[in-house]
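Computed from the coordinates by the stated procedures, all read-outs in this text should not be read as laboratory data. Please read these numbers as outputs of a predicted model, since none were measured by experiment. Ideal geometry is used to build each Cβ from the backbone, glycine not excepted, and the neighbour counts take in all protein chains shown.
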Amino acid sequence: MIHIDVTRIPQEMRNEGFQFHYQKAVEFFNSSEFDRKARTLISLHEGTHLLYARELGFEPKLYGPGIRYARQTKVFHGIVGAVQALPDTISMTADPIMLAKQLLGPECAQEKLLGFKTTGVLGISSQGDIEDYEKWFVRRMIAKGDLYLELDINARDAAYKDLGSPAFRRKLWDAAHEFEERVFGKPDFLELLGEKVRKTWEALGVSVEPQTPDENGFSFSEFINQVRCSPGSAQDKDRNA
Ligand SMILES: [Zn+2]
């Protein structure tokens, strides 16, 4: 059973709005819809935040699915997983490209490694990251004034360049698997067996091109449409990227 973290919602706030998101999350994460593809998508996304955070010298806490409350908009929302945000000592001083990659890199990784095209300019699952990026951009501009408008474009280019390196991809998949194991537990035996069978077919030269996660009724995208990967609230001291 996958646990839904509600520790950030005080008892007295657990109203109908909360119950709606809580039930939805419990049902989704403990159903067959939360399959290997969904796990992979979340773990790769969060693993990218994790790897870049480590490259910046920070060891973040990892969070699994949970319910959060956005104080600004006064709404509850589910999160599918999260990585602790960088402290100001790093986000206000470190190299801007590295910091922007830490926030915006996951979307690039999803696209490059999973063929997961998010809809529109603001990718659904990365919307919270983009909001976090914009909040960080404004705060750092006020504090130091050392950023420029095209930073996000350059950071995405830099992330795609990283993703072109086999050594980086290996490190990234390691971080993704680490996130998966620490947050969701080891994938079950049958699923692993399925992967072995797939690898055998591949070794025999049989084409088993993975479907893009959006095809074949991949209803995770429906789910993620309503819940976001990040609470994106700058007021939350323990904000997650
Ligand atoms: Zn994210």
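For this structure, a couple of remarks:
- Cα gyration tensor shape of region 32-71, rounded if a/c is under 1.5, else prolate or oblate by comparing a/b with b/c: oblate
- Charged neighbours of Glu16, selected by a Cβ distance under 15 Å, balance to +2 (K, R count +1; D, E count -1).
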